[in-house]
Amino acid sequence: MEQSTQQALNIRLMCADDVPQVFDIERESFNDSSWTIDAFYHEILKNNFAYYFVIEFDNTIVGYVGLWLVIDQAQITTIAIKKEKRGCGLGQLLLRYAMQYAQTKCDTMSLEVRVDNTIAQHVYKNLGFKYGGKRKNYYGEGEDAMVMWVTLR
Ligand SMILES: CC(C)(COP(=O)(O)OP(=O)(O)OC[C@H]1O[C@@H](n2cnc3c(N)ncnc32)[C@H](O)[C@@H]1OP(=O)(O)O)[C@@H](O)C(=O)NCCC(=O)NCCS
C-alpha cells in the first residue's frame, strides 16, 4: 500500500452517530438478510460484551466489524466493506485489527460464515482461521453456516 493511502486510513470504535452510514453498507452487503438499524443501536448502546469498529478512508466510513468478547472467547458478529472499496485489503486489515484488539482479553476467536461465501472464507483463512464444523440451517432453511476459529494467543 502506498504511503499516501496509509495516511488516509483510520480504524476507530463505532459510535451511535456512525450507525446510519454503517447501515447503508450493511444493506448493500447483506440484502435480505441484513440486520435492522435498531440491532446496531442495541449493540453499540446496550450490549456490554460488544465492541464495534469502523474503518475510514479520507474521513468516510468504508467498513465495519463487530466483536463480542465473552470471558476468554471472542466472536466476530459481522464484517463488511463498502462494495466500491472491496478487494483492496481493507477487510483483511480490519479483521487483523479486531484480532489484535481481542487478543488482549481472549484466547480464541470464532465466527460463522455462509458455506457459499468463498471470498469471506478466503480472507479468514489468510488470517489463520480454520474450519470448525457446520451449523445446519443457521441462516434459514437450507442455508448452512460454516464455523471457523483461530487461536489468538
Ligand atoms: C468479506 C469482505 C469483508 C472482505 O473484504 P475485502 O476488503 O473485500 O477483502 P480484502 O481486499 O482484504 O481481500 C482479502 C483477500 O480476499 C481476496 N478477495 C477479495 N475480494 C475478492 C473477490 N471479489 N474475488 C476473489 N478474491 C477476493 C483478495 O484477493 C485477498 O486475498 P489474497 O490476499 O490472498 O490475494 C468483503 O468482501 C465484504 O464486505 N463482503 C460482503 C459482506 C460479507 O460477506 N461479510 C462476511 C460475512 S461472514
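Take the residues in the range 71-88 that are aliphatic (A, V, I, L, M) and part of a strand (DSSP E or B), then tell me which one is farthest from the ligand (Cβ to nearest atom).
Once the filter is applied, the top-ranked residue is Ala74.
Just to be sure, is Tyr138 in contact with a strand residue (DSSP E or B) (Cβ under 7 Å, 6 or more places away or on another chain), in a loop (DSSP other than H, G, I, E, B) and not aliphatic (A, V, I, L, M)?
Answer is yes for this residue.
When you go through Cys88, Cys106 one by one, which is the residue that is surrounded by 14 or more Cβ atoms within 10 Å (Cβ to Cβ) and touching an Asp or Glu at 6+ places or on another chain (Cβ under 9 Å)?
Exactly one residue qualifies, and that residue is Cys106.
Please specify each residue of the range 94-107 satisfying the condition of being more than 8 Å from the ligand (Cβ to nearest atom) and hydrophobic (A, V, I, L, M, F, W, C).
Ala98, Met99, Ala102, Cys106
Mind telling me which of the residues Gly66, Gly91 ends up being at pLDDT 95 or above, in a strand (DSSP E or B) and within 11 Å of the ligand (Cβ to nearest atom)?
Among Gly66, Gly91, only Gly66 is at pLDDT 95 or above, in a strand (DSSP E or B) and within 11 Å of the ligand (Cβ to nearest atom).
Please go through the range 19-38 and give me each residue that is assigned to a loop (DSSP other than H, G, I, E, B) and open to solvent by less than 70 Å² (accessible area, probe 1.4 Å), ordered by number.
The one that is assigned to a loop (DSSP other than H, G, I, E, B) and open to solvent by less than 70 Å² (accessible area, probe 1.4 Å): Ser34.
Could you tell me which residue of the range 91-100 is most open to solvent (accessible area, probe 1.4 Å), considering only residues that are hydrophobic (A, V, I, L, M, F, W, C) and more than 17 Å from Glu26 (Cβ to Cβ)?
So, considering only residues that are hydrophobic (A, V, I, L, M, F, W, C) and more than 17 Å from Glu26 (Cβ to Cβ), the one most open to solvent (accessible area, probe 1.4 Å) is Leu93.
When the range 142-153 is examined, which residues are found to be outside any strand (DSSP E or B) and at pLDDT 95 or above?
Residues satisfying the conditions are Asp144, Leu152, Arg153.
Let me confirm something: among Ile61, Ile119, Ile44, which residue is of a type in the set (A, V, I, L, M, F, W, C), at pLDDT 95 or above and assigned to a strand (DSSP E or B)?
Ile61
For the range 39-58, give me the residue count where each residue is exposed (fewer than 13 other Cβ atoms within 10 Å of the Cβ) and under 13 Å from Phe23 (Cβ atoms).
Final tally of qualifying residues: 0.
So Ala74 clears everything in (1) touching a residue at least 60 places away in the same chain (Cβ under 8 Å); (2) buried (at least 16 other Cβ atoms within 10 Å of the Cβ); (3) over 22 Å from Met146 (Cβ atoms) except one condition, right? Which one?
Ala74 satisfies every listed condition except (3).
What about Asp58, is it touching a residue at least 24 places away in the same chain (Cβ under 8 Å) and charged (D, E, K, R)?
Yes, satisfied.
The values are calculated or read from the model by the stated rules, or taken from the named source; none is laboratory data. All figures in this text were calculated on a predicted structure; none of them were measured in a lab. Ideal geometry is used to build each Cβ from the backbone, glycine not excepted, and the neighbour counts take in all protein chains shown. Just the protein is used for accessible areas: all its heavy atoms, side chains included, with ligands, DNA and RNA removed. Shrake-Rupley method; radii C 1.70, N 1.55, O 1.52, S 1.80 Å.
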